[in-house]
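Colleague: Quick one: this structure, given as structure tokens, is what I'll be asking you about.
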Amino acid sequence: MSKADEIFIQNMNDILTNGVSDAAYPVRPHWEDGTPAHTIKKFGIVNRYNLQEELPILTIRKTNFINCLDEILWIWQKKSNNVHDLHSHIWDSWADETGSIGKAYGYQLAKKSIYPEGEFDQVDRVLYDLKHNPHSRRILTNIYNFEDLHEMHLYPCAYSMTFNVSGDTLNGILNQRSNDMLTANNWNVLQYSLLLMMFAQVSGLKAGELIHVIADAHIYDRHIDIVKEIIKKPQHKAPKLIMNPNVKNFYDFKIEDFQLVDYEYEKLGKKIPVAI
């Protein structure tokens with residue numbers, strides 16, 4: 001069975017059983033009809049995914065692989081903050097009339113700084129260090145920039161990625177301040193697993209572990225019944241991922257360079273509402 005399914009089910013059961021409700025308090029998120037979107041939450045969840053064993057993608061429900069990959073390339077490769085550069089509509093609720101989501105995500109990664117080795121943005125600095133100084137303990141990115149928060153249409157949820165090389169293996173820690181567990185948990189896990197695998201390939205390394213640290217792991221009130229339904233569904237084996245081994249430059253990766261083989265999943269048959 002898929003390890004991602006096992007971890008997801010364990011997390012959901014933990015939140016449903018031991019979580020704390022914010023129903024008695026005012027909250028920022030709301031549903032499309034204006035109703036406050038309350039949650040049950042757990043503080044401080046840490047999950048580990050061994051990418052050498054399998055691709056961490058759910059089978060008890062479908063995770064849209066193509067849109068997931070497209071978004072991580074939109075942020076890290078295109079370094080864009082405009083939804084017109086994205087092929088899905090997942091960010092439309094936070095975009096203005098020009099398509100911008102403000103000084104968030106890709107905008108932050110694209111900001112450049114001058115180092116003794118030259119001028120780099122955050123992504124290029126990581127790629128440089130993985131090739132030239134792979135055993136450094138300083139290889140990380142952070143897009144939670146306090147001076148720009150007021151100009152972001154949504155504060156970054158997944159805000160920091162730390163890369164660490166052990167021998168010939170690249171590992172990573174994804175730090176996330178907030179995670180809508182039903183709609184975004186496996187989405188984020190899959191995205192940053194793919195990013196780690198891409199960075200490893202172009203740096204001549206093996207992809208190892210992704211550790212996912214979540215400060216506020218929550219289930220929204222209108223998601224509870226859906227979650228209870230999903231975690232009871234049959235589980236399948238994780239699919240195999242084939243990446244084009246000929247890509248040696250991160251900026252050359254395209255959607256077509258990735259292929260999922262034998263991805264079996266359970267159909268949900270209903271739309272999941274998204275809190276805004």
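The values are calculated or read from the model by the stated rules, or taken from the named source; none is laboratory data. Predicted model, so just to flag it, every value in this text is computed and none were measured. In this analysis, Cβ positions are derived from the backbone assuming ideal geometry, glycine residues included, and neighbour counts consider all displayed protein chains. Just so you know, the surface numbers come from the protein's heavy atoms only, side chains and all, with ligands and any DNA or RNA stripped out. Shrake-Rupley method; radii C 1.70, N 1.55, O 1.52, S 1.80 Å.
Colleague: Of the residues ILE57, ILE211, ILE226, which exhibits the maximal mean-square fluctuation in a Gaussian network model of the chain defined by a 10 Å Cα contact cut-off?
Modeller: Judging by the Gaussian network model, the answer is ILE226.
Colleague: State the extension gain, in nm to one decimal, for the chain segment bounded by ARG177 and LYS270, taking 0.36 nm per residue of separation less the distance between their alpha-carbons.
Modeller: Values: separation 93, 0.36 × 93 = 33.48 nm, distance 2.80 nm.
Full-extension gain reported as 30.7 nm.
Colleague: Comparing GLY44, GLY19, GLY172, which has the greatest mean-square fluctuation in the GNM of the chain with Cα pairs linked when under 10 Å apart?
Modeller: Looking only at GLY44, GLY19, GLY172, the largest GNM fluctuation is found for GLY44.
Colleague: Still on this model: Cα to Cα, under 16 Å, and not fewer than 8 places away if on the same chain: which lysines meet these conditions relative to LYS3?
Modeller: Filter leaves LYS62, LYS232, LYS233, LYS237, LYS240.
Colleague: Charges at C-beta only: +1 for Lys and Arg, -1 for Asp and Glu. How large is the resulting dipole of the stretch 9-128 about its Cα centre, in Debye rounded to 20?
Modeller: Details: 12 positive and 16 negative charges, 68 e Å.
Using Cβ point charges on Lys, Arg, Asp and Glu, the stretch 9-128 gives about 320 debye.
Colleague: For the stretch 5-92, which GluC sites (Glu not before Pro) are in a loop by DSSP, counting at most 11 other Cβ atoms within 10 Å? Let's see the in-between values first.
Modeller: On the way: sites: GLU6, GLU32, GLU53, GLU54, GLU71; in loops: GLU32, GLU53, GLU54.
For GluC sites (Glu not before Pro) across the stretch 5-92 that sit outside H, G, I, E and B with at most 11 neighbouring Cβ atoms in 10 Å, the list reads GLU32, GLU53.
Colleague: Along the charge dipole of the stretch 1-57, which of PRO36, ASN47, VAL20 sits closest to the positive end, that is, farthest toward it, with unit charges on the beta carbon of Lys, Arg, Asp and Glu (+1, +1, -1, -1)?
Modeller: The one lying farthest along the dipole's positive direction is VAL20.
Colleague: Which FRET efficiency, nearest 0.05, do LEU16 and GLU117 yield, Cβ-Cβ r, R0 41 Å? Don't jump to the answer; show the numbers that get you there.
Modeller: Values: r = 49 Å, r/R0 = 1.20.
The computed FRET efficiency comes out at 0.25.
Colleague: Right, here's the next one. Quick one: of LYS228/LYS270; LYS131/LYS254; LYS79/LYS270, which pairs are farther than 24 Å apart, Cα to Cα?
Modeller: Values: LYS228/LYS270 14 Å; LYS131/LYS254 21 Å; LYS79/LYS270 33 Å.
Those over the limit are LYS79/LYS270.
Colleague: What's the FRET efficiency of ASN246 with SER88 using the Cβ-Cβ distance as r and R₀ = 30 Å, to the nearest 0.05?
Modeller: Numbers: r = 27 Å, r/R0 = 0.90.
That pair, ASN246 with SER88, gives E of 0.65.
Colleague: Ranked from the most accessible area to the least, with a 1.4 Å probe and all protein chains present, what is the order of CYS68, CYS157?
Modeller: On the way: CYS68 0, CYS157 30 Å².
Sorted by accessible area, descending: CYS157, CYS68.
Colleague: While we're on this one: By its C-alpha gyration tensor, with a ≥ b ≥ c as the square roots of the eigenvalues, how is the stretch 38-132 shaped: rounded for a/c under 1.5, else prolate for a/b larger than b/c, else oblate? Mind showing how you got there, number by number?
Modeller: Details: a/c = 1.80, a/b = 1.18, b/c = 1.52.
Note, shape of the stretch 38-132 comes out oblate.
Colleague: Keeping every protein chain in place, order SER113, SER80 by accessible area at 1.4 Å, biggest value first, i.e. largest first. Kindly include the intermediate steps, with their values, before the conclusion.
Modeller: Details: SER113 55, SER80 10 Å².
Sorted by accessible area, descending: SER113, SER80.
Colleague: Let me ask something else. Over the stretch 136-276, what is the mean sequence separation of C-alpha contacts under 8 Å (at least six apart), divided by residue count, expressed as relative contact order in percent? Display every interim value, and only then the final one.
Modeller: On the way: 177 pairs, mean separation 27.5, N = 141.
RCO, the stretch 136-276: 19 percent.
Colleague: Any idea what angle helix 185-202 forms with the longest principal axis of the chain, computed on alpha-carbon atoms, 0 to 90 degrees, nearest 10?
Modeller: Orientation of helix 185-202: about 10 degrees from the principal axis.
Colleague: Continuing with the same structure: Over the chain, with a Gaussian network built from C-alpha contacts below 10 Å, which listed residue (ASN179, ASN246, ASN164) shows the highest mean-square fluctuation?
Modeller: ASN246
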